[in-house]
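In what follows, a structure is listed as structure tokens, so that the remarks can point back to it.
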Amino acid sequence: MGIKHRAALIAPALLLAAVTAACVSEPGPPTTTTTTTTTTTTTGLPAIVVGCHDGGGSDAEYFGPMNTLRNGALHSTRDGSCGGLVVWETFVQATTKTGADALCASLGGTVASLVPLGTNGYATLGSTVWECSGLH
């Protein structure tokens, strides 16, 4: 094959390489990853973080959603690690004991705890989360 034929084959190959290089997109800004904490809320009441809550005599774990049967658990640990499942729990959210009792009854339970769990040592659950009796 002569020089003219080789040049005729090489020239298009170089042109193709130049066009391909021009079409490669520039790297954009680095992507960022955002970590968010999942929370659930009952209309008009504070959002409750899904996860382990340290306090009381044992750790309480909230799975959500609020005001549903067996939406949490009590654990034998007392350090916020939620180890050693002890018993399933049902948590409801209301501003008053009367409201919490009604929610517990609607789920098949008897009554709500005497005080909100926040008052009983679970500060991160606040003054609107109650434990239902009779729904383990």
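The values are calculated or read from the model by the stated rules, or taken from the named source; none is laboratory data. Since the model is a prediction, treat every value here as computed from it, not as a measurement. All Cβ positions, glycine included, derive from the backbone under ideal geometry; neighbour counts span all protein chains shown.
Could you run through the range 98-114 and say how many residues are surrounded by 13 or more Cβ atoms within 10 Å (Cβ to Cβ), out of contact with any strand residue (DSSP E or B) (no Cβ under 6 Å at 6 or more places or on another chain) and at pLDDT 95 or above? I'd like the intermediate steps shown before the answer.
Residues of the range 98-114 surrounded by 13 or more Cβ atoms within 10 Å (Cβ to Cβ): 99-105, 107, 109, 111-113.
Filter once more, keeping what is out of contact with any strand residue (DSSP E or B) (no Cβ under 6 Å at 6 or more places or on another chain): 99, 102, 105, 107, 111.
With at pLDDT 95 or above added as a condition, the list becomes 99, 102, 105, 107.
Of the residues in the range 98-114, 4 are surrounded by 13 or more Cβ atoms within 10 Å (Cβ to Cβ), out of contact with any strand residue (DSSP E or B) (no Cβ under 6 Å at 6 or more places or on another chain) and at pLDDT 95 or above.
Restricting the range 59-74 to residues that are among the hydrophobic types (A, V, I, L, M, F, W, C) and in contact (Cβ under 8 Å) with a residue 24 or more places away in the chain leaves a set whose member that is surrounded by the most Cβ atoms within 10 Å (Cβ to Cβ) is Ala60.
When you look at Thr98, is it of a type in the set (Ser, Thr, Tyr) and under 12 Å from Ile48 (Cα atoms), yes or no? Answer is no for this residue.
With the requirement that a residue be free of Cβ contacts under 8 Å to residues at least 24 places away in the same chain and either more than 18 Å from Asn120 (Cβ to Cβ) or among the acidic types (Asp, Glu) (or both), what does the range 75-88 give you?
Gly84, Leu85
Residues of the range 115-125 that are crowded, with 17+ Cβ neighbours inside 10 Å and either farther than 16 Å from Gly80 by Cα or not small (Gly, Ala, Ser) (or both): Pro116, Leu117, Asn120, Tyr122, Thr124, Leu125.
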